[in-house]
Amino acid sequence: VAIHLARAAVQRRRGDPGAAEAALDAAQRAAQQAGADAPARQCRAEVQIARADAWAQARPDDALALLDALAPALAGAPSALQARALQVRSRVLTHVERLPEATEMLRQAITTLHHVPGEEAARADLLDTLARARLRAGDLPGCAAAIAEAVAALEYLDLPAPLADALTMQAVAALFTGATEAARGGLLRARELARRCGHVPAQRAAIL
């Protein structure tokens, strides 16, 4: 299951949603054969959360239905999995313009991971998502603060793919405040980082 989920993530970074969906289907088939114990249930939940994330923009109603169905299984799940589900729900809610709810989901997720060791990358990703929700809501100072914290964490963790996403988001926020040269520098760096690690959607976003 973990291998198929990783394949889905790679295909999304390559900009191939069809191949990503096929990898998610393979992950689901593998998870269905995993048994009925707690680790197997967690595997199935991870697959459903990943699928909801893939559907967040194009099929938001289906994504929310998947997450709603998962709620009982997540009640006793590890903190990292609960935070991931909250993050995906917030992404869906952001796409359908339910921005206060989306922001609240992210606050809950960040709080959930606050003292969990080994989840620094996940927390940085949550801050990136929070910045996007705040920008959609017109909260430029809140957006700038969240994305600056995300960029600093990803720089420290040396994670080029999510850093490319975060730098693009930071540049977009800078454009809204008129800081054109700062935005340009961030976008050029984001494009180069994305090119080096093969993160096609991030490279496209920086160019656009």
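The values are calculated or read from the model by the stated rules, or taken from the named source; none is laboratory data. Computed from a predicted model, the values in this text were never measured in an experiment. Note: ideal-geometry Cβ built from the backbone for every residue, glycine included; neighbour counts use all protein chains shown. To get the accessible areas, we keep the full protein, side chains included, count just its heavy atoms, and leave off ligands, DNA and RNA. Shrake-Rupley method; radii C 1.70, N 1.55, O 1.52, S 1.80 Å.
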Assess whether residue 38 counts as being of a type in the set (A, V, I, L, M) and out of contact with any helix residue (DSSP H, G or I) (no Cβ under 9 Å at 6 or more places or on another chain). yes
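Pick out the one residue from 138, 118, 142, 185 that is at pLDDT below 90 and not basic (Lys, Arg).
118
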Are there any helices (runs of 4 or more DSSP H) wholly within the range 41-151 with 3 or more residues that are of a type in the set (Gly, Ala, Ser), and if so which? 60-74, 79-95, 120-136
Matching residues in the range 11-40 - criterion: being assigned to a helix (DSSP H, G or I), closer than 25 Å to residue 129 by Cβ and charged (D, E, K, R): 12, 13, 21
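State all residues of the range 37-74 that are in contact with a His (Cβ under 7 Å, 6 or more places away or on another chain) and open to solvent by 40 Å² or more (accessible area, probe 1.4 Å); if no residue qualifies, say none.
Passing the criteria: only 57.
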Residues in the range 193-208 that are under 20 Å from residue 148 (Cβ atoms) and open to solvent by 40 Å² or more (accessible area, probe 1.4 Å): how many? 1
Flagged in the range 101-122 as closer than 18 Å to residue 91 by Cα and open to solvent by 60 Å² or more (accessible area, probe 1.4 Å), in numbering order, are 101, 104, 107, 108, 111
If we keep just the residues of the range 13-36 that are modelled with pLDDT of 90 or more and of a type in the set (D, E, K, R), which is most open to solvent (accessible area, probe 1.4 Å)? 29
Test: residue 129 is closer than 17 Å to residue 85 by Cα and buried (at least 17 other Cβ atoms within 10 Å of the Cβ): yes
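On the given criteria, is residue 163 under 18 Å from residue 10 (Cβ atoms) and at pLDDT 95 or above?
yes
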